[in-house]
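Beneath this line is the structure, given in structure tokens, with notes to follow.
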There are 2 protein chains.
Amino acid sequence: MDSKNLDLVFSALSDATRRGILASLASGERTVHELTSDFDISQPAVSRHLRVLDSAGLVRREKRGRETIVTAATETAAEAAHWLTHYVDFWTAHFDQMDVILTKQRERPDGR
Amino acid sequence: MDSKNLDLVFSALSDATRRGILASLASGERTVHELTSDFDISQPAVSRHLRVLDSAGLVRREKRGRETIVTAATETAAEAAHWLTHYVDFWTAHFDQMDVILTKQRERPDGR
DNA sequence: CGAATCCATAACAAAATGGTTATGGATTTT
DNA sequence: AAAATCCATAACCATTTTGTTATGGATTCG
């Protein structure tokens, strides 16, 4: 997952409607038509949200007859979650170190 | 973490410069001036990125004399990571179920 | 005290975002 | 075959974003 992909993934996740689409895909695949009736926006608006999610690798679209079937692509979200968790761990580790240092200073205020 | 906060957090994380700022804060606090020399953009641009990160709750700013000290706020990123992980788990669970169903169908193609 | 430094905000321009309606291709239904 | 359905794209508009330069307040340095 490179920087450009992270841009796309986090940007895609920054919209409540798109997160809602992903949430509704948890219960299984949905057509564009079904998604349009789930959310109170026009069909073209749904199509554009899906293109954003698709570009980010967060959903897959597949033509089936005249319908388009949408499914969640778990791996990409998992990668983004790992990235975020990695940073949190990284920060936390350093904060723990800082805490150790500060504790030592408190124990020996003369700096020995 | 409500929907509006998720908007702010993911939107803040969708910019490579802001992720870079967060990364550089892993090694400890930095002043706005230091961050400005780290990244090849103007000081006002850095200030605005910091305001975005601050609004999302991803950093804290503290005036110290004429300097502004910036530190990472781990908790918020952790919450976003948890949100994302939760969804991944949720999806994965359903996909696993689907997989079970599909496997059973493969084992008994007559649908018994 | 005067000069320099640190930083936030305002004003502006360019680009991206998210909604709409209009349209048309492909497929299914009748 | 004609009508209806599903969906993508184009065109348009309002809003937001991200960079810039200009400016000024607060603090520190000499």
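Laboratory data are not the source of any read-out in this text; all were calculated from the coordinates shown. Because the structure is a prediction, the values reported are computed rather than measured. Every residue, glycine among them, receives a Cβ derived from its backbone with ideal geometry; neighbour counts consider all protein chains shown.
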Practice task
For B:Asp2 paired with B:His82, estimate the spin-label separation in nm (one decimal), with each label point 7 Å from Cα along the Cα-to-Cβ line.
Solution key: 1.8
Exercise for the section: Using a cut-off of 10 Å between beta-carbons, work out the net charge of the residues near B:Val88 (Lys and Arg +1, Asp and Glu -1, B:Val88 not included). Expected result: -3
Fill in the blank from the handout: Its Cα gyration tensor gives segment B:3-107 an equivalent ellipsoid whose semi-axes in whole Å, largest first, are 40, 13, 11
Exercise for the section: List the residues whose amide H sits under 5 Å from the amide H of A:Arg30, counting only those 5 or more places along or on another chain, with H placed 1.01 Å from N in the peptide plane. Expected result: A:Val70
Completion exercise
With label points set 7 Å from each Cα along the Cα-to-Cβ direction at A:Arg48 and A:Arg60, the distance between them in nm comes to 2.7
Exercise for the section: Count, for each residue of A:66-78, the Cβ atoms from other chains sitting within 10 Å of its Cβ, then give me the mean as a whole number. Expected result: 3
Practice task
Return the sequence-ordered ³J(HN,Hα) values of segment B:7-23 in whole Hz as given by the Karplus equation 6.51 cos²θ - 1.76 cosθ + 1.60 applied to θ = phi - 60°, using x for Gly and Pro.
Solution key: 3, 5, 5, 5, 5, 4, 7, 7, 10, 4, 4, 5, 5, x, 4, 4, 4
Problem - Amide H partners (placed H, <5 Å) of B:Val59, local residues excluded - result: B:Asp54, B:Ala73
Fill in the blank from the handout: Pseudo-spin-label distance B:Thr68 to A:Ala16, built 7 Å along Cα→Cβ, given in nm, is 2.8
Practice task
Mind checking segment A:44-76 for trypsin sites (Lys or Arg not before Pro) that DSSP puts in a loop (not H, G, I, E or B) and that have at most 15 other Cβ atoms within 10 Å?
Solution key: A:Arg66
Practice task
Place a +1 charge on the Cβ of each Lys and Arg in segment B:3-107 and a -1 charge on the Cβ of each Asp and Glu, then give the dipole magnitude about the Cα centre in debye, rounded to the nearest 20.
Solution key: 420
